[in-house]
1. Any chance the stretch 77-86 includes a residue that's of a type in the set (Asp, Glu), in contact with a helix residue (DSSP H, G or I) (Cβ under 9 Å, 6 or more places away or on another chain) and within 16 Å of residue 13 (Cα to Cα)?
2. For the stretch 25-46, how many residues are out of contact with any Gly (no Cβ under 7 Å at 6 or more places or on another chain) and surrounded by 10 or more Cβ atoms within 10 Å (Cβ to Cβ)?
3. Kindly provide the set of residues from the stretch 55-64 that are surrounded by 18 or more Cβ atoms within 10 Å (Cβ to Cβ) and either over 13 Å from the mean Cα position of the chain (by Cα) or within 28 Å of residue 8 (Cα to Cα) (or both), ordered by number.
4. What tally of residues in the stretch 1-41 results from selecting those that are closer than 15 Å to residue 83 by Cα and among the small types (Gly, Ala, Ser)?
5. So which residues in the stretch 66-88 are outside any strand (DSSP E or B), hydrophobic (A, V, I, L, M, F, W, C) and free of Cβ contacts under 8 Å to residues at least 24 places away in the same chain?
Amino acid sequence: MITVEEFDKVEVRVGTVVSARINKKARKSAYVVAIDFGEELGVRTSSAQITDCYTPEDLVGRQVVCCVNLPPMYIGSAKSEVRILGADAAQGVVLLQPQQPVANGDKIF
């Protein structure tokens, strides 16, 4: 188990997908996704294994929930700066998203 203090260190925010394309150099099927988190954080990228349930066209304009304070890592040739959150469902990863539109960069708590 983790403590509440440890959990509070995880920074989760909402952003809007501005572009998505195939990550050609990833070992597993993935997209490189650019996400706008508003003025404070700007646009960040993620390599996400969400190809089973979504096309790039499905993603653009969609709000997503992401962890934004992990260290960046490279997946293939793509710099992944944030982790998009989703449920590991039978049909593939299903993205978490707000039930109503919110401002880019709004915090999840």
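1. If we filter the stretch 77-86 for residues that are of a type in the set (Asp, Glu), which is where we start, we get 81.
Retained after the next criterion (residues that are in contact with a helix residue (DSSP H, G or I) (Cβ under 9 Å, 6 or more places away or on another chain)): none.
No; the residues of the stretch 77-86 include none that is of a type in the set (Asp, Glu), in contact with a helix residue (DSSP H, G or I) (Cβ under 9 Å, 6 or more places away or on another chain) and within 16 Å of residue 13 (Cα to Cα).
2. The number of residues fulfilling the criteria is 12.
3. 63, 64
4. Result for the stretch 1-41: 4.
5. Let us first name the residues in the stretch 66-88 that are outside any strand (DSSP E or B), namely 68-72, 76-77, 81-82, 85.
Now narrow it down to the ones that are hydrophobic (A, V, I, L, M, F, W, C): 68, 70, 82, 85.
Matches in the stretch 66-88: 70 only.
No lab work stands behind these numbers, since they all come straight from the coordinates. Everything numeric in this text was worked out from a predicted model, so none of it was measured. All Cβ positions, glycine included, derive from the backbone under ideal geometry; neighbour counts span all protein chains shown.
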